[in-house]
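Engineer: Below is a structure I'd like to ask you about.
The values are calculated or read from the model by the stated rules, or taken from the named source; none is laboratory data. Since the structure is predicted, the reported quantities are computational estimates derived from the model, not experimental observations. Every residue, glycine as well, gets a Cβ built from its backbone with ideal geometry; the counts of neighbours run over all protein chains shown. The protein model used for the area step is the full one, side chains on, heavy atoms only, and it has no ligands, DNA or RNA in it. Shrake-Rupley method; radii C 1.70, N 1.55, O 1.52, S 1.80 Å.
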Amino acid sequence: MTTFAFVHGGGGSAFDWHLLEAELRGRGHDTVAVDLPMSDPQAGLWDYADTVVQAIDERRPLVVVAHSWGGFVGPLVCMRARAAALVLVNAMIPKPGETPDDWWEHSGRSSSGIDDDYELYLHDVPRELARQVLAHDGALAEKVSMDRVGREPWPLSAWPDVPTRYLLCREDRLFTPEFVRRHVKERLGITPDEMPGSHMVMLSRPGELADYLVQVSAAE
C-alpha cells in the first residue's frame with residue numbers, strides 16, 4: 001500500500017482531490033489531502049510544506065503529487081519527508097531563488113485570454129460538479145492572503161534528489177501542451193508523460209489519473 005500526499009494549487013483546496021482519493025482508496029492505497037494555509041498572511045513556502053508533512057506523519061511508502069501552483073510546494077514536502085517519488089500534474093516548476101509571482105514571466109507562459117473559470121480550468125468536468133468545486137474553493141478564496149508567499153524566493157538550491165515525473169494533460173487551457181513540453185525540458189530535463197484532460201484532471205478523469213499514479217508508485 002502506497003500513501004499518496006496531494007498538494008493543491010493556488011486558489012484550490014483539499015476538496016479538489018476527493019474523487020481521486022476515492023479511486024485510490026478503492027485500489028487499496030492511502031491518501032492525504034489538506035488545505036494549505038493560504039488564509040495566513042504570515043505563512044511562507046516552508047509553512048505550506050510542513051502543513052502537508054504533518055498530515056503525512058509516518059506513513060510510507062510515500063508519493064507526493066503536486067498540482068499547478070503546488071509545484072512550488074511539492075519538492076519542499078519531499079525534502080521534509082522520505083518520498084519515493086514526486087509527480088507534478090499540470091504544475092509550475094520553480095527554479096532556485098524564483099518567486100511564485102515571478103514564475104509567470106520567467107517561464108514564458110503566455111496568457112490564455114480566457115476569463116471564464118469553467119472554460120479555463122474545468123471545461124471537461126460535469127457542470128454540477130464544477131459548480132460545487134467553484135463554490136467551495138471560491139468561499140475559501142475570499143480569505144486567501146498569499147502576498148508574502150507569492151513574493152518568497154523558492155528556497156532550495158537544487159531540485160530534490162527524488163524520482164520526478166511530470167504529467168501533462170493535453171486539453172489544459174491554462175498551461176498548454178506546447179508550453180509545458182518546453183518548460184519541463186528546460187527546467188527538469190525530462191519528457192513529460194501525457195494523457196487527455198483539462199487543468200483539473202483529478203475531477204474530470206479521476207480513474208485514469210489513479211491508474212497512472214499507481215503505475216508510477218509501482219515503478220519506484
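Engineer: Before I look further, what does the range 8-62 give for accessible area per residue, probe 1.4 Å, in whole square angstrom?
Structural biologist: For the range 8-62, the per-residue accessible area is 41 Å².
Engineer: Counting only C-alpha contacts under 8 Å and six or more residues apart, can you give the relative contact order of the range 161-220 as a whole percent?
Structural biologist: Worked out over the range 161-220, it gives 35 percent.
Engineer: Hey, another quick one. Check each of the chymotrypsin sites (Phe, Trp or Tyr not before Pro) in the range 35-105 and keep only those in coil by DSSP with at most 13 other C-beta atoms within 10 angstrom; list them in order.
Structural biologist: In loop regions of the range 35-105 (DSSP not H, G, I, E or B), there are no sparsely surrounded chymotrypsin sites (Phe, Trp or Tyr not before Pro).
Engineer: Just to confirm my numbers, what's the Cα centroid distance between the range 47-67 and the range 145-164 in Å?
Structural biologist: So the separation of the two Cα centres works out to 15 Å.
Engineer: In nm, what is the difference between 0.36 nm times the number of residues separating Asp147 and Glu58 and their Cα-Cα distance?
Structural biologist: 28.9 nm
Engineer: Pop out the Kirkwood hydrodynamic radius of the chain from its pairwise C-alpha distances, inverse of mean 1/r, in Å to one decimal.
Structural biologist: 17.2
Engineer: Then there is this: Expressed as a whole percentage, what fraction of the accessible surface of the chain belongs to carbon and sulfur atoms when a 1.4 Å probe is rolled over the protein heavy atoms?
Structural biologist: 47
Engineer: Determine the per residue accessible area of the range 85-220 with all protein chains present and a 1.4 angstrom probe, expressed in square angstrom.
Structural biologist: On a per-residue basis, the range 85-220 sits at 48 Å².
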